[in-house]
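Input: a single structure, listed below in C-alpha cells.
The values are calculated or read from the model by the stated rules, or taken from the named source; none is laboratory data. Please read these numbers as outputs of a predicted model, since none were measured by experiment. We place every Cβ from the backbone using ideal geometry, glycine too, and count neighbours over all the protein chains shown. The protein model used for the area step is the full one, side chains on, heavy atoms only, and it has no ligands, DNA or RNA in it. Shrake-Rupley method; radii C 1.70, N 1.55, O 1.52, S 1.80 Å.
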Amino acid sequence: MWWNGNLKQKTSEMKFKDLEGFAPDSKVWVFVANRKLIDSEVEMIRQRLKDFCVKWVSHSDKLKAEGFVVDDVLLLLAVDNKMYSASGCSIDSAMRFIQELEREFNVELLDRQNFAYVSEGKSELVKKSDLRLKMSNGEISGSTLFYNPLVSNFQELQSDFLKPMDSFWMKNMV
C-alpha cells in the first residue's frame with residue numbers, strides 16, 4: 001500500500017514514475033476490479049500487463065505503453081501520445097486483453113458499476129447498487145476519497161485520480 005492517510009502525499013506519490021516523460025495528453029484507461037486481487041494475482045497480472053505493453057502496436061507501429069496494478073483493486077493502461085496514438089484496432093486489442101485477464105483471473109474489470117475508494121488507509125470496493133447503503137450506515141461520506149475511473153489522460157491521472165466524493169461526478173451516484 002502506498003498511502004499513509006495524507007491525501008496530499010498520496011496524490012504526489014501518484015506520479016507513476018514509469019510515465020515520467022509521457023505527454024500530458026497521453027491516453028489512460030482505468031479498470032476497477034469487482035474484488036481485491038491477491039498478491040500472487042497482482043504479480044501475474046503485472047507481468048501480463050508488461051508483456052502486453054511491450055507487444056502493443058498501432059498500425060504496425062510499436063506503442064510506448066505502461067500498465068499498472070494500483071492498490072490491488074485497479075488496473076491502468078497508458079499510451080504515450082508523443083510518438084504514436086492508440087487507434088481503433090489497437091484499442092480493440094487492449095480490450096480483448098482485459099477480457100482475457102477477466103477470464104483468466106475470474107475478475108470483472110469492465111463493469112463500470114464498480115468503484116474503488118479509500119477507507120482507513122486501505123482501498124475498498126463498492127458496487128453502485130450498494131453506495132446508498134454504505135452512505136446511510138456511515139461507511140462512505142462526501143469526504144470519502146474515491147478513485148476516478150473516468151480519467152482519460154496522464155494529466156487528469158495526476159490531478160484528478162483520487163478525490164473526495166463530493167468534489168466530482170461521484171456525488172451524483174447516490
Problem set entry | Segment Q99-M173, extension gain: residue separation times 0.36 nm, minus the distance between their alpha carbons | 24.0 nm
Problem set entry | FRET efficiency estimate (nearest 0.05) - Cβ-Cβ, L110 to K82, R0 41 angstrom | 0.90
Exercise. Hey, if you drop one equal point scatterer on each alpha-carbon of region 89-174 and run the Debye formula without solvent, what base-10 log of I(q)/I(0) do you get at q = 0.10, 0.15, 0.20, 0.25 Å⁻¹?
Worked result: -0.30, -0.65, -1.01, -1.24
For this session: Over the alpha-carbon set of the chain, work out the extent along each principal axis and list the three values in angstrom, largest first.
Result: 52, 32, 28
For this session: Convert each backbone phi in region 26-43 into a coupling constant with the Karplus relation 6.51 cos²θ - 1.76 cosθ + 1.60 (shift: θ = phi - 60°), then list the ³J(HN,Hα) values in order as whole Hz, x for Gly and Pro.
Result: 4, 6, 10, 10, 10, 10, 9, 6, 8, 7, 6, 8, 7, 3, 5, 5, 4, 5
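In what order, largest first, do R132, R112 sit by accessible area if the probe radius is 1.4 Å?
The residues order as R132, R112, largest area first.
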Seminar exercise, completed: Full extension between L150 and R35 adds, at 0.36 nm per residue less the Cα distance, a length in nm of 39.5 nm
Exercise. Using the Cβ atoms and a cut-off under 14 Å, what net charge is assigned to the surroundings of L37, where Lys and Arg are +1 and Asp and Glu are -1?
Worked result: -4
Seminar exercise, completed: Residues meeting the amide H criterion for L162 (H placed from the backbone, H to H distance under 5 Å, 5 or more places apart or on another chain) are N148
Problem set entry | Nitroxide proxy distance, nm - points 7 Å out along Cα→Cβ at L133 and D92 | 4.0 nm
